[in-house]
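Working notes, beginning with the structure itself.
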Amino acid sequence: MNRTLPPNLSEARFDQALDAWRAIVGAAQVLSSPDALDGYRDPFAFASQPEFAVTDASAAIRPASVDEIRAVLRVANQYRIPLWTVSTGRNFAYGGAAPRLTGSVVLDLQRLDRILAVDETLAYALVEPGVSYFDLHAYLRDKGYRLWVDPPAAGWGSVIGNTLERGFGYTPYGDHAAQQCGMEIVLANGDVVRTGMGGIDTGTAWQLYKPGYGPSFDPMFMQSNYGIVTKMGVWLMPAPPAYLLGEIQCRHEHDLGAIVETLRPLRLDETIRNHAVIEGGLRRAAGLGARRQWYDGPGPMPESALVAMLDALGVGRWNLHYALYGTPELIDARQAIVQRAFASVRDASIKVSRYRGDAQPVGGADRNLAGIPSMAAFRMLDWRGGAGAHVDFSPLCPATGAHAMRQYTMTKTRAAEYGFDYYGGFTAGARHLHHVFAAIFDRHDAQQSELAGQLLRVLISDARAAGYGEYRAHLGYMDFAAAQYSFNEGALLRLSETIKDALDPAGILSPGKQGIWPKAWRNRRGYT
C-alpha cells in the first residue's frame, strides 16, 4: 500500500516533521499508520465524480494545549505542511474528520476537553473543542446547575465544532452561532487572540458581551479556515419552571404550506420561541422501523406504501414538533394561542405533554427539546439496511409556505429520479427555514453510493437556479457550493480569499474549507 504524503513533500522531509511533532506532543499522539488513520476518513464515503474522490490524511496530531498547538504550527510552517483542523471529527454526513486536500495532516483537538467555567447566575460556560454536548450536559447535572444545553440532533458532537459550523438545535437557544460569546483563537503564525471583551487581560465580561471595542471578529472564524478556535463561550438556557412538548400531525402533503404560514407569526411574536421542527412523515417513520417492513422494492417508496406505513404507525405526513417554556400559567396561555392558530389546518391533530422543569420527557428525539442530548437521529441509518450511510443537502429558504412547498417538491422530485425516498424536514427560524434532506444509502452498494453523490451535485444546482443556497455542504462539494454564491463574479469568495492570504500566507490552515483556498493551493480548487 502506497504511503500518503503531504503535497510537494518528500518522504524524508515528512519523517523529519513527524519526529518534530512527536517531540512536542508525544509519540502516541502522532498517528501515521493506515490503521490509525481509518478514523480520519469520511465514515460515509461514497463514490462520486473523480474530482470529488475521497481524500486521505497523511497523519493526525492530537495536541493537548494551546502551547502544543503553537509548536505544531511552527513545524507545519517550516515544512509547508497543510493542517486540517477538527474539534472531534464527528460531523458525519458532511465528511467527518477527512481533509479537503489529500495528504493534509489532521489537527485533532479532542484532547482539549476541559469545561473551564460555568456561571449559573449569568448562564454561560467556557469550553474547549473536545467538549461534547453529552459532556457539558452531564457536567451541569452532576454539579447541580439549573442550566440547559441546546443539543443538535447528535449529542456526541463538539460544542465548539457544531457552533463553528453554524449548527442548530431545538430550544430557544437553538441558533448556536447566536449563543456564542467570546473566542480564543490561534492564528496560523502562532499568535493567540481573544475576541470581544477577552481583549482585556483582566476582563470580567468575556462571555457576556460579544462586540468588545472596535471590529467584531467572532463570526469571521465560523465556517472558515482563518484560525484554530481553542476556547469559546456559550450561553446556556436557565432551566424553566415547566415546559410543554407539542406535536401537531397533519395528514396531507400540501399541508406543509399551511403549517409554515401558521407557524411563522407564532415564531415572530415569540409565542413559540424554540426552533420548531417540521418533520416529514418518512423521516419520523424511519426512527420507528426499517423500510423493508413496508416496501422492499427498487426506487423510491410508492405513494400507496408510504400512506399505508404512516397510517399503521400513526404518523402524519408532516409532524410539527414545538415546545413552550415558563410558568404553567404562561404555558397554558401560549398553548391556547397555538391551538387556535392550527385549528384552521384541516385534519390536524395536536398532542401535548406537560413536564416540570426538572423532569425528563419520555422518548428519544423529544429529549432534545428539553435540553437533553441524544443519538436518536442515528436510527435513520437502518432505513435502507446494509451499511447505512447518508449525505445531506442543506439549503435555506424564506419562511413562507410557497417557498417551503417549492423547495420540498423540487427536492422530492429530484430524489425520486435518482431512486431515493424523501427523508427530510424543516427547522423554523423566525424568518427562514433550514431544510435538511438526507440521501440514505448502503455505502457497500456501489450503485446507491454513486447515485447519492450525483444527486447532491444536481440538488445544489437546482437550488441555485431557484435562488436558494446551502448553509452547509459535504467536503466533496464545498467548492461547488461556494461557487453558487456568484454575485459580482464571486466577490464574496474573493474577499474570503484575500483575508485568507493575509492571515495565512503559507496556506497552512485547512486549505479548501468552505471553498476558501489560499494562494499556495489555489490551483487545487475543484480537486482533492
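The values are calculated or read from the model by the stated rules, or taken from the named source; none is laboratory data. Predicted model, so just to flag it, every value in this text is computed and none were measured. With ideal geometry, Cβ positions are generated from the backbone for all residues, glycine too; neighbour counts draw on all protein chains shown.
Per-structure values
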quantity: Any chance D442 is surrounded by 23 or more Cβ atoms within 10 Å (Cβ to Cβ), of a type in the set (D, E) and farther than 24 Å from H176 by Cα; calculated: no
quantity: Every residue from region 214-229 that is assigned to a loop (DSSP other than H, G, I, E, B) and either over 14 Å from A178 (Cβ atoms) or touching a residue at least 60 places away in the same chain (Cβ under 8 Å) (or both); calculated: G214, P215, F217, Q223, S224, N225, Y226, G227
quantity: Single match in R273, R292, R283 (criterion: within 26 Å of F441 (Cα to Cα) and within 25 Å of the chain's Cα centre (by Cα)); calculated: R283
quantity: Count - residues of region 31-56 that are closer than 17 Å to F92 by Cα, buried (at least 18 other Cβ atoms within 10 Å of the Cβ), of a type outside the set (D, E, K, R) and at pLDDT 90 or above; calculated: 2
quantity: Residues (small (G, A, S), touching a helix residue (DSSP H, G or I) at 6+ places or on another chain (Cβ under 7 Å) and closer than 21 Å to S216 by Cβ) located in region 147-195; calculated: G167, A177, G182, A188
quantity: Cross-chain or 6+ apart pairs with Cβ under 6 Å, region 260-281 first and more than 22 Å from H176 (Cβ to Cβ) and among the acidic types (D, E), then at pLDDT 95 or above and crowded, with 18+ Cβ neighbours inside 10 Å; calculated: E261/G401
quantity: Region 445-455: number of residues that are surrounded by fewer than 18 Cβ atoms within 10 Å (Cβ to Cβ) and either touching a residue at least 60 places away in the same chain (Cβ under 8 Å) or in contact with a helix residue (DSSP H, G or I) (Cβ under 7 Å, 6 or more places away or on another chain) (or both); calculated: 3
quantity: Qualifying position, being among the hydroxyl-bearing types (S, T, Y) and modelled with pLDDT under 95, among T171, T202, T163; calculated: T202
quantity: Residue list for region 9-38, filter: part of a helix (DSSP H, G or I) and of a type in the set (D, E, K, R); calculated: E11, R13, D15, D19, R22, D38
quantity: Selected residue (only one of P238, P215 is touching a strand residue (DSSP E or B) at 6+ places or on another chain (Cβ under 8 Å) and surrounded by fewer than 19 Cβ atoms within 10 Å (Cβ to Cβ)); calculated: P238
quantity: Some residue of region 148-167 being crowded, with 21+ Cβ neighbours inside 10 Å, of a type in the set (A, V, I, L, M, F, W, C) and in contact with an Asp or Glu (Cβ under 7 Å, 6 or more places away or on another chain); calculated: no
quantity: Sole exception among (1) surrounded by fewer than 21 Cβ atoms within 10 Å (Cβ to Cβ); (2) of a type in the set (V, I, T); (3) touching a His at 6+ places or on another chain (Cβ under 6 Å) for I115, by number; calculated: (3)
quantity: Among (1) at positive phi; (2) surrounded by fewer than 21 Cβ atoms within 10 Å (Cβ to Cβ) - the single one V458 does not satisfy; calculated: (1)
quantity: Residues of region 364-395 satisfying the condition of being farther than 28 Å from H254 by Cβ, assigned to a loop (DSSP other than H, G, I, E, B) and not aliphatic (A, V, I, L, M); calculated: G364, G371, P373, S374, G385, G386
quantity: Looking only at region 395-426, and only at residues there that are crowded, with 21+ Cβ neighbours inside 10 Å and among the polar types (S, T, N, Q), the one that is nearest to T271 (Cα to Cα); calculated: Q407
quantity: Count - residues of region 263-288 that are under 24 Å from Y423 (Cβ atoms) and either not in a helix (DSSP H, G or I) or not charged (D, E, K, R) (or both); calculated: 14
quantity: From the options S394, S344, residue that is among the polar types (S, T, N, Q), in contact with a Ser or Thr (Cβ under 9 Å, 6 or more places away or on another chain) and in contact (Cβ under 8 Å) with a residue 12 or more places away in the chain; calculated: S344
quantity: Region 471-528 - residue that is hydroxyl-bearing (S, T, Y) and more than 18 Å from the chain's Cα centre (by Cα) and, of those, surrounded by the fewest Cβ atoms within 10 Å (Cβ to Cβ); calculated: T498
quantity: Lone unmet requirement of (1) part of a loop (DSSP other than H, G, I, E, B); (2) within 25 Å of L18 (Cα to Cα); (3) not basic (K, R) for V72; calculated: (1)
quantity: Residue under evaluation W294, criteria (1) under 18 Å from A439 (Cα atoms); (2) without any contact (Cβ under 8 Å) to a residue 40 or more places away in the chain, criterion not met; calculated: (1)
quantity: Number of the exception - W206 against (1) closer than 19 Å to D119 by Cβ; (2) surrounded by fewer than 20 Cβ atoms within 10 Å (Cβ to Cβ); (3) of a type outside the set (G, A, S); calculated: (2)
quantity: Helices (runs of 4 or more DSSP H) completely within region 404-519 that count 2 or more residues being of a type in the set (V, I, T); calculated: 446-465, 487-503
quantity: Among (1) assigned by TED's automatic domain parsing to the domain that holds E128; (2) closer than 28 Å to P328 by Cβ - the single one Q223 does not satisfy; calculated: (2)
quantity: Looking only at region 10-28, and only at residues there that are surrounded by fewer than 17 Cβ atoms within 10 Å (Cβ to Cβ) and of a type outside the set (D, E, K, R), the one that is nearest to P511 (Cα to Cα); calculated: S10
